[in-house]
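I have placed the structure first, in the form of structure tokens, so that the comments after it can refer back to it.
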Amino acid sequence: MQEGLTRNIGHFSRFLEVASFSQGQTLNISGVAREAQVSRAVGENYFSILEDLLIAVRLPVFSRRAKQGLVSQGKFYFFDSGVFRAIRPIGPLDSSAEVDGPALETLVLLELRAINDCHDHRYQIHFWRTQGGLEVDFVLYGPRGLLAIEVKRSSRIERKDTRALREFKKDYPPAQCFMFHGGSTPLHMDGVTALPIEQALRNLSHLLSGSEAAR
């Protein structure tokens, strides 16, 4: 497999660039393969290589006792924000939000996975997305409870920004819902705790352990 990859390094390099546009998105393997000019089978093989080498991860959709139609595709991330930024081509038609948003999401995912593994919290990490387009970035499900986390770069949070979390809470009333945002003030609205991203990351261990100190 690796020998074949070496022979087709040009195809693989183009595939990595195309895949970077899927960072933090539900994964359309056929679309990525078509854009990278490889077959779908080759594209699937390349994604498998990235996961086998721990270079990328796919999050499954959270569908336990689902009350509405959900997407079936997993969500794709390169394993590191810096790696993603290095691979992602940037040109005059790209906005900073198209890169900074997924990079911030990736940072939060890395911290969630690290703390979850280090402290053996045994959460399973998912995401949630309805067929109508409402999405919660991360859903953690395990012995310690059910957490829903949305990540926003914006420093200004409005009620409309919490719609997906509110919809998730309707379907799963026991869920603790959080929004990590780019502002400086903690907020509470409609059952959602909105925390500045720096504060959220500093207190992530307490949040995952169920401690009130993080809220």
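Taking every alpha-carbon pair in the stretch 1-108 and binning the separations at 10 Å intervals from zero gives 14, 44, 32, 10, 1 percent. To the nearest ten degrees, helix 9-20 and the longest principal axis of the Cα atoms of the chain are 20 degrees apart.
Amide H to amide H distances under 5 Å link Gln25 with Phe76, where only residues 5 or more positions off or on other chains count and H is placed in the peptide plane.
Against the empirical 2.2 N^0.38 Å (N residues), the chain has a Cα radius of gyration ratio of 1.06. Against the main long axis of the alpha-carbon atoms of the chain, helix 40-52 sits at an angle near 60°.
The residues of the stretch 132-215 have, on average, 47 Å² of accessible surface per residue, using a 1.4 Å probe with all protein chains present. Average accessible surface for the stretch 1-123: 55 Å² per residue, computed with a 1.4 Å probe over protein heavy atoms with every protein chain in place.
Taking the protein heavy atoms of the stretch 59-215 in the context of the full set of protein chains, the accessible area attributed to carbon and sulfur is 48 percent at 1.4 Å. For the stretch 23-128, trypsin sites (Lys or Arg not before Pro) are listed when DSSP marks them as loop and at most 15 other Cβ atoms sit within 10 Å of their Cβ; the list is Arg64, Arg65, Lys67, Arg122. Sparse packing (at most 15 other Cβ atoms within 10 Å of the Cβ) combined with a DSSP loop state is found for the following GluC sites (Glu not before Pro) in the stretch 100-183: Glu158.
Entry note, the stretch 93-215: relative contact order of 19 percent, from Cα contacts under 8 Å with a spacing of 6+ residues. With kT/(6 pi eta Rh) evaluated at 10 °C and eta = 1.306 mPa s, and Rh the Kirkwood radius from Cα pairs, the stretch 77-125 diffuses with a coefficient of 132 µm²/s according to Stokes-Einstein. Each pair of Cα atoms in the stretch 95-215 enters the Kirkwood radius, and Stokes-Einstein at 20 °C and 1.002 mPa s then converts it into a translational diffusion coefficient of 148 µm²/s.
Net length available on complete extension from Leu110 to Ala86 is 7.0 nm, with 0.36 nm assigned per residue and the Cα-Cα distance removed. Straight-line reach from Lys160: taking Cα to Cα under 20 Å and skipping same-chain neighbours fewer than 8 places apart, the aspartates and glutamates in range are Glu105, Glu135, Asp137, Glu150, Asp171, Asp190.
The values are calculated or read from the model by the stated rules, or taken from the named source; none is laboratory data. Keep in mind the model is a prediction, meaning the values are calculated, not measured. We place every Cβ from the backbone using ideal geometry, glycine too, and count neighbours over all the protein chains shown. Quick note on the areas: whole protein, heavy atoms, side chains included, nothing else; ligands and nucleic acids left out. Shrake-Rupley method; radii C 1.70, N 1.55, O 1.52, S 1.80 Å.
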